[in-house]
Amino acid sequence: MRLSYGEAGQEPQPYLTSPTFSGTNLVGGIAQGTGFTPTQSGLGGLFTSFTKPASSLKPERTKELEGGFDVGFWGEKADFSATWYRSKTNDVILVLPVAPSTGYSSEAKNGGVFSN
């Protein structure tokens with residue numbers, strides 16, 4: 001017989017929880033002259049990220065439980081095994097769209113549960 005239990009966490013991506021600034025950004029993933037650059041009169045500038053900083057983002061937590069048994073017959077020449085498994089992830093981090101009037105295009109939130 002066997003039984004196992006485990007927990008694991010996944011931290012949010014870097015800079016999802018704090019405002020960041022950049023000097024260039026690609027628009028639509030195209031790099032030939034269609035990027036967003038805040039340069040004016042030859043002077044460089046910065047702009048904020050298109051993703052709104054998440055103020056209360058928690059890490060994802062996954063809990064797993066597995067149990068089973070193995071039975072051997074005729075001197076281990078034949079065997080039978082059965083396994084039961086369950087995994088549940090809470091606080092899944094999703095990047096969701098927000099209204100353009102906020103000044104951002106998306107925001108990361110804890111918004112899901114996955115079960116297996």
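Picking from residues in the stretch 2-61 that are among the β-branched types (Val, Ile, Thr) and either part of a loop (DSSP other than H, G, I, E, B) or under 16 Å from the mean Cα position of the chain (by Cα) (or both), the one that is modelled with the lowest pLDDT is Thr34.
Residues in the stretch 82-96 that are more than 16 Å from Ala8 (Cα to Cα) and within 15 Å of the chain's Cα centre (by Cα) were compared, and the one that is surrounded by the most Cβ atoms within 10 Å (Cβ to Cβ) is Val95.
Sub-9 Å Cβ pairs linking a first residue in the stretch 61-74 that is more than 11 Å from Arg2 (Cα to Cα) and free of Cβ contacts under 8 Å to residues at least 40 places away in the same chain to a second residue that is charged (D, E, K, R) and in a strand (DSSP E or B), at least 6 apart or interchain, are Val71/Asp79; Gly72/Asp79; Phe73/Asp79, ordered by first then second residue.
Just one of the listed residues (Thr89, Thr83) is within 30 Å of Pro19 (Cα to Cα) and either of a type in the set (S, T, N, Q) or not in a loop (DSSP other than H, G, I, E, B) (or both), and it is Thr89.
The values are calculated or read from the model by the stated rules, or taken from the named source; none is laboratory data. No experiment lies behind these values; they were computed from the predicted model shown. All Cβ positions, even for glycine, are placed from backbone atoms using ideal geometry, and neighbour counts span all protein chains on display.
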